[in-house]
Amino acid sequence: MSHPDARTSATTAPERTVLDDSAIRRALMRIAHEIVERTDRIDRLYLVAIPNGGVPLGRILVENLASLTGQTVPLGILDTTLYRDDLSTRSSRPRLRRTEMPSSVDDRVVVIVEDVVSTGRTIRAGMDALMDFGRPRNVRVMALVDRGHRELPIKIDFVGKNI
């Protein structure tokens, strides 16, 4: 998994692979085990993926959790674009993505699934957007890659790799 803005040029460092496909799959299986260990009732679990990178990761996590528990965990897709605090600083109109939430998140243990977390602003926007779908019992955050550099006090509960 490489950073989307990484480009090879005379002034920037060459693109590098942080996790290859097999490392991603191993990390997601380990995270699925951690989620099961830290969740009292799997039937209350609800995964919410942030487009675009979180969606394929969420789908793999659903498969991994089903193989570990025999239960199918719902997966929602939540566009955070309109909840971002930097909309007014962008010069172009934001591109909206589809939100697909199969049910309310009331009294559920929600795991927000994101591919890369850095400043924490997308996760904060995700938490704000999530409240439009109910009142979760608990909200946790999963990131395949945690780049650090937080601007907000956001904790990542399940991490594939820290860089």
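Structural remarks
- Across the stretch 29-63, the qualifying residues are those that are free of Cβ contacts under 8 Å to residues at least 60 places away in the same chain, hydrophobic (A, V, I, L, M, F, W, C) and over 17 Å from P136 (Cα atoms), and the one among them that is least open to solvent (accessible area, probe 1.4 Å) is A32.
Conditions tested, residue by residue: (1) in a loop (DSSP other than H, G, I, E, B); (2) at pLDDT 95 or above.
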site: V55; (1), (2): no, yes
site: I60; (1), (2): no, yes
site: L65; (1), (2): no, yes
site: L68; (1), (2): no, yes
site: V73; (1), (2): yes, yes
site: D85; (1), (2): yes, no
site: L96; (1), (2): yes, no
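- Residue match in the stretch 96-105 (condition: open to solvent by less than 20 Å² (accessible area, probe 1.4 Å), closer than 22 Å to Y46 by Cβ and in contact (Cβ under 8 Å) with a residue 24 or more places away in the chain): yes
- Some residue of the stretch 72-85 being hydroxyl-bearing (S, T, Y), in contact with a Leu (Cβ under 8 Å, 6 or more places away or on another chain) and either more than 17 Å from T39 (Cβ to Cβ) or surrounded by 17 or more Cβ atoms within 10 Å (Cβ to Cβ) (or both): yes
- D132 more than 21 Å from L28 (Cα to Cα), part of a helix (DSSP H, G or I), under 16 Å from the mean Cα position of the chain (by Cα) and among the acidic types (D, E): no
The values are calculated or read from the model by the stated rules, or taken from the named source; none is laboratory data. Owing to the predicted nature of the structure, the values given are computational and were not obtained by experimental measurement. With ideal geometry, Cβ positions are generated from the backbone for all residues, glycine too; neighbour counts draw on all protein chains shown. Side chains included, ligands, DNA and RNA excluded: accessible areas come from the protein's heavy atoms. Shrake-Rupley method; radii C 1.70, N 1.55, O 1.52, S 1.80 Å.
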